[in-house]
Amino acid sequence: MKIDRIHHVAYRCRDAKETVEWYTKNLNMDFVLAIAEDQVPSTHEPDPYMHLFMDAGGGNILAFFEIPKSPPMGRDPNTPAWVQHIAFKVDSEKDLLEAKARLEANGVDVIGPTDHTIFKSIYFFDPNGHRLELAADVGTPEMHAKLDEVKWAMLEEWSRTKRAPKHAAWMHEKEFAS
């Protein structure tokens, strides 16, 4: 078996309507589907929920659950806020900068653009506290080939040492960084 694609990725939200409106307004996602139940189908627990689905483009669906009878949402306190995030691809740097301007005009705090050499991105939070990233690819085929050549060696070294391998240090040299 080979995975075809992600069917959907689901996160919790505080307010289903607010979440749909925010993603529609700020990221131009279409609201695809809503499912509401009083019982969880997989566990048969009595726990009412609203499950909503947003079109993230390219057959990708971002879903949310509002579960009002559960304790308030929280985060894993042992994981830094910058680690867990959802990254969406945009077509160009121009689109990235336009999205940043639109988000800021709508009162959303935005970090970036951040230059990752092979892509540039911006970071911000949705109204539920989920960190989001918009990324525009800027890497060349040569850059991607160089990274592909060293991925296994980097993983092996990291596995042994838990230190950042230097196989791709070229990404931070002036020749490539902008």
Can you compute 3J(HN,Hα) from phi for each residue in the stretch 121-137, using the Karplus curve 6.51 cos²θ - 1.76 cosθ + 1.60 with θ = phi - 60°, rounded to whole Hz and x for Gly and Pro? 8, 10, 10, 6, 10, 7, x, 8, x, 7, 7, 10, 9, 10, 10, 10, 5
State the extension gain, in nm to one decimal, for the chain segment bounded by ARG75 and MET171, taking 0.36 nm per residue of separation less the distance between their alpha-carbons. 31.4 nm
For MET29, which sequence-distant residues (separation of 5 or more, or a different chain) have an amide H within less than 5 Å of its own amide H, given hydrogens modelled in the peptide plane? THR24
Karplus-derived 3J(HN,Hα), 6.51/-1.76/1.60, for each residue of the stretch 66-80, Hz, glycine and proline x: 9, 10, x, 8, 8, x, x, 4, x, 10, 6, x, 8, 10, x
Given a Förster distance of 25 Å, the FRET efficiency implied by the Cβ-Cβ spacing of ASN28 and GLU93, rounded to the nearest 0.05, works out to 0.90
Past the 20 Å Cα-Cα mark, which pairs from LYS120/LYS146; LYS94/LYS151; LYS17/LYS94; LYS146/LYS166? LYS94/LYS151; LYS17/LYS94
If you take the beta carbon distance between ALA105 and ILE3 as r and set R0 to 45 Å, what does 1/(1 + (r/R0)^6) give as a FRET efficiency, to the nearest 0.05? 0.75
Neighbour count of at most 15 Cβ within 10 Å plus DSSP loop: longest GluC sites (Glu not before Pro)-free window in the chain: 1-172
Does anything in the stretch 63-95 have its amide N under 14 Å from the 7 Å Cα→Cβ label point of ASP148, and if so which residues? none
Bounding extents of the stretch 9-66 in its principal axis frame from Cα atoms, largest first in Å, are 34, 23, 15
Stokes-Einstein D for the stretch 85-137 (10 °C, 1.306 mPa s, Kirkwood Rh from Cα pairs), in µm²/s, comes to 146
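Any read-out appearing in this document is the output of simple, stated calculations on the displayed coordinates, not a laboratory observation. A quick note: this is a predicted structure, and the numbers were derived from the prediction, not measured. All Cβ positions, even for glycine, are placed from backbone atoms using ideal geometry, and neighbour counts span all protein chains on display.
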